[in-house]
Amino acid sequence: MLNIPYIDEILYANLESKIYLGRIFIRAKIKMDELETQNIELQLLLQAIYLKYGYDFRNYAKASIKRRILHRLIKEKFSNISAMQHKLLYEVSFFERLLLDMSINVTEMFRDPSFYLALKKKVVPELKKYPFLKIWHAGCSTGEEVYSMAIILKEEGLYDRTQIYATDMNELALKKAKNGIFDISRLKQYTANYQKAGGLESFSDYYVADDKQVIMDKSLKKNILFSDHNLATDGVFGEMNLIMCRNVLIYFNRELQNRVFKLFFDSLCTDGFLCIGSKESIRFSESSDAFEDVVKNEKIYRRLGAATN
Amino acid sequence: MFEAIVIGASAGGLKALTSVLGALPSEFPLPIIIVQHLHPHSDSYLAHILDTKCQLKVKQADEKESIVAGIVYVAPPNYHLLVEEDRTFSLTCEEPVKFARPSVDVLFETAIYAYRNKLIGIILTGANNDGSQGVTKIKKMGGYVIVQAPTTAEADAMPQAAIAATQVDEILPINQIGPYLLQLINQSKNRANF
Ligand SMILES: C[S@@+](CC[C@H](N)C(=O)[O-])C[C@H]1O[C@@H](n2cnc3c(N)ncnc32)[C@H](O)[C@@H]1O
């Protein structure tokens, strides 16, 4: 192994290569070792977070997590991840900052309007057959998705017989969701989304606004229960007719995705619906056979009868 | 020997990409991964158009998809495209970086972790400076960087920024990038067989 760079150096130098100069190549070798070390540090850091604070990021997709952690590292001028780990273990406030870095809460009302159109067309008629409904928003972030669903349920006459559970692991996001107050700068887009999603009324019926913020109507909140739930570590808490978990699974690796699909399977009634993000798919997971497509492009699935795994 | 190519393009990118990819044969030996800045709601039309215009197979990158040689992958609009070390894709919807999502810098930076010094980065036309950090990191790692000659770019800010950011390997007119890639890869292959 050790003399490989030298062999390459001679070869490439003889060929007058513009691609590699020997010196650069050797420097690159050293850099590679640094990257290996960094990966070890990253693993240790995630382990430390789990052991000390109980948040389990160990099975998240690595590239994004790494980017986020390095972002904090540069911002607070640490020389390496190990140095950061020390602070993490001894300063809760530092962990809280890092936790905020690691959670991506980007969301909007009626995100992907075509999804909501499909939901109204293909899922709502089925939901109308039930006398009582339970809906779970897993990874609801600051709640825009939950209020969007509440509006649809209201317009379809289903709201009063529905219990909505809105969960996230990020307590700050949940708090915002509970408040139901959003920045006015987003209003134009939300209104456009509502219309594209086939909204039946005027979007302004559902909020009051001042010059800074939009406050969602209280009546939308009546049947929503906001609570803390971590998909990586927590379990089933009820039998749902519909689970919505959009743009959360993309942050997980295959293993964790499998765990969460299994959790959703166990949390759904037979024929219950599962809605995931437009760039996510159940088709390569272990639970693939346990769900059938309802609207393929919009990633709306339905749980089949007997457990298959 | 190189193992992957990453390309960043913005304003005027469609024409530039067509030119580069159009010069490559269907049995091109490396995967090519592209971030082209697009309108967030533009769907998958870019992949479709490029697919009809070049011999290589072009598709939108899927979450967790394994990266395969000879296929051109395009980032979906409104998501960042990241390369994992096991050479699969991840997507994220985190905030735009330098106003861009997908971001060229994010793709390049994560591709470096997966491909180390076996990566070729290419910056094409664009009216911002996305990608300049990415090419700097590729050079630091010992990879190879090609930039479209600003005079041949519909918008020259992005190539200019890349050239200013680091010592790039080649600055080429758009119509020479494809042929140059073929030559570069054949050279490095011959060297590996030597
Ligand atoms: C990008 S947001 C998606 C919000 C919304 N579902 C949407 O599609 O607009 C991802 C959310 O998933 C949450 N999340 C990430 N990992 C989680 C976990 N292990 N358990 C519960 N929520 C998680 C984050 O806190 C964040 O609020």
Scaled radius of gyration (Cα, divided by 2.2 N^0.38 Å) that region A:168-266 gives
1.31
Would you mind giving the three semi-axes, in whole Å and largest first, of the ellipsoid equivalent to region B:4-193 according to its Cα gyration tensor?
21, 19, 17
Can you tally the lysine pairs in region B:31-160 where the Cα-Cα distance is under 20 Å and the two residues are eight or more apart, or on different chains?
4
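Kindly provide the trypsin sites (Lys or Arg not before Pro) of region A:213-309 that DSSP labels as loop, not H, G, I, E or B, and whose Cβ sees at most 14 other Cβ atoms within 10 Å.
Listed in order of number, the matching sites are A:222, A:283, A:296.
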In degrees, nearest 10, the alpha-carbon axis of helix A:62-75 is tilted away from the dominant principal axis of the alpha carbons of chain A by 70
Setting aside same-chain residues fewer than 8 positions from residue A:134, which aspartates and glutamates have a Cα under 15 Å from its Cα?
A:126, A:160, A:239, A:266, A:271
May I ask you to list the aspartates and glutamates whose Cα is less than 16 Å away from that of residue A:87, ignoring any residue fewer than eight positions away on the same chain?
A:41, A:76, A:96, A:101
Residue A:71 and residue A:283 label points (each 7 Å along its Cα→Cβ direction) are spaced in nm at 3.1
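Given the DSSP H assignment, sum -39500 (n - 2.57) over each helix run of at least 4 residues in chain B and divide by its residue total; what's the result at 222 nm in deg cm²/dmol, nearest 500?
-11000 deg cm²/dmol
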Could you please rank B:130, B:169, A:228, placing first whichever residue has the fewest other Cβ atoms within 10 Å of its Cβ?
A:228, B:169, B:130
Starting from one equal scatterer on each C-alpha and no solvent at all, send me the Debye-based log10 I(q)/I(0) for chain A at q = 0.08, 0.16 Å⁻¹, two decimals.
-0.47, -1.28
Angle check, please: helix A:81-90 long axis (alpha carbons) against the longest principal axis of chain A (alpha carbons), in degrees 0 to 90, nearest 10.
50
Tell me, what is the FRET efficiency for residue B:182 and residue A:39 to the nearest 0.05, using R0 = 51 angstrom and their Cβ-Cβ distance as r?
0.90
Kirkwood-Stokes translational diffusion coefficient of region B:1-80, alpha-carbon pairs, 10 °C, 1.306 mPa s, µm²/s:
125
With each label point set 7 Å from Cα along the Cα-Cβ vector, what nm distance links residue A:202 and residue A:161?
3.1
Hey, which lysines would be in cross-link range of residue A:129, C-alpha to C-alpha under 28 Å, not counting anything within fewer than 8 residues on its own chain?
A:120, A:121, A:154, A:196, A:218, A:221, A:222, A:262, A:296, A:299
With springs only between Cα atoms under 10 Å apart, run a GNM on chain B and tell me which of B:124, B:50, B:182 wobbles the most.
B:182
Evaluate E = 1/(1 + (r/R0)^6) for residue A:117 and residue B:140, where r is the Cβ-Cβ distance and R0 equals 35 Å; express this FRET efficiency to the nearest 0.05.
0.15
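Since every read-out is calculated from the coordinates, none of them should be taken as a lab result. None of these values were measured; they are calculated from a predicted model. Here the Cβ is made from the backbone with ideal geometry for all residues, glycine too, and neighbour counts use every protein chain on show.
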